[in-house]
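Nothing in this text is a laboratory measurement; each read-out follows from the coordinates by a stated rule. Everything numeric here is computed off the predicted structure, so don't read it as measured data. All Cβ positions, even for glycine, are placed from backbone atoms using ideal geometry, and neighbour counts span all protein chains on display.
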Amino acid sequence: MPTDRQLWLLELAIGDYVKTGQPVSSASMIEKHGLKMSSATIRNDFAALEKDGYLEKGYKSSGRVPSNKGYEFYLNNIENNKDSIEHIKAKINTLFEQRKTNNEDMLKSVLKIVNEMTDTLSITHSVDVDKIIDLKTYDIGNDKALVIAVTSTGKVNNIELDLEGIDYSEFETVSKLIFKRVIGSQVDDIKERAKVIASLINKEISELEDRFKVVITNLVNKLAEREKVEYQGLSNVVKSDHISTKNQIKSIIDAVENNSIWELMGKSDNVKTTNSTIAIDFKDRKLDGVAAVDRKILHNGNQTRITLVGSKNQDYEKIFAALDYIEEKLKE
């Protein structure tokens, strides 16, 4: 019985042969699909698929062509076609043309379409990769200060802080020590540097009061408050014909809600393409039959990690086409 990776390669190989009529080689697979695996690995998998009767050697060529058994598998299991891909692109394009919200809300709406058309749920992990280029403080009275942070893409973040009874001039002095270590940093790096910053400040101002530390901690946390994890589309997975057991559904929910899906992917047998990572064999038995497609997209100073979770029989061609198109539209 072919492995999941071999069946995935078979799907790609037959799709290529159908489109070109040319025998498919390991080199052409790597070049066309950007596969991050060796030619030897693909040749070995092709040999196994040939032994199982899914592929045949091409006439006067070192490449492979599908056998009748391979065609039967393709027709019974692969529902991808140009119309369905063009349909999903058209729906995505319509949303972008009617854009009335920011990219974050737009992405949520677009992924809802993808989830519905591919029986997947989506998880988005967004972090701000802008650099902070300017920071200023203002006394706004009532024991409060306003901190204005400007990023490299022109975003302005207004942070209102309760000074906890501390004199504004004292706060301004300490904030300058923070700012000189923060300006030029990426927003998503600030939280990691918070402990170092606090340690340095404590050394320079040994008499720093506890309430001052609270204010500084609040400021650093709010500067780095640009990370968000959201998910949607669970109902699409539940209704999938290939995800049927309560344990599977519960395990998916647990992995998503605990943000452990990426850790589990890291322990899985993954296939890497130019733009994506596909976990097709989770080591956790509770996730047997489940797969995930992972993609990172940079847009407007944000990095959004999109992970689509569904059955191993996901419509990969449609998913890749949708993610490519979403990335293209977000960068316009």
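Which of the peptides 105-117, 256-268 is most tightly packed, and how do the rest follow, judged by the mean count of other Cβ atoms within 10 Å per residue? Write down the numbers at each step before the final one.
Numbers: 105-117: 18.5, 256-268: 15.2.
The densest-packed peptide leads the list: 105-117, 256-268.
What does the extension gain come out to for Lys180 and Glu332, with contour length at 0.36 nm per residue minus their alpha carbon separation? Please list the in-between numbers first.
Working: separation 152, 0.36 × 152 = 54.72 nm, distance 3.42 nm.
Gain on extension, Lys180 to Glu332, equals 51.3 nm.
Hey, can you rank 136-147, 21-32, 317-328 by average C-beta count inside 10 Å, highest first? Spell out each step's value before the answer.
Values: 136-147: 13.8, 21-32: 16.9, 317-328: 19.3.
Peptide ranking by packing, descending: 317-328, 21-32, 136-147.
Given the Cα-Cα distance of Lys239 and Ala40 and 0.36 nm per residue of separation, how much length would full extension add, in nm? Show your work: numbers first, answer last.
Values: separation 199, 0.36 × 199 = 71.64 nm, distance 3.88 nm.
Length gained, Lys239 through Ala40: 67.8 nm.
Give, in nm to one decimal, the length gained when the segment between Lys286 and Asp4 is fully stretched (0.36 nm per residue of separation minus the Cα-Cα distance).
Details: separation 282, 0.36 × 282 = 101.52 nm, distance 1.66 nm.
The span from Lys286 to Asp4 would gain 99.9 nm if fully extended.
Placing one identical point scatterer on every Cα of the range 4-77 and ignoring solvent, what is log10 I(q)/I(0) from the Debye formula at q = 0.12, 0.15 Å⁻¹?
For the range 4-77, the Cα-only Debye profile gives -0.26, -0.41.
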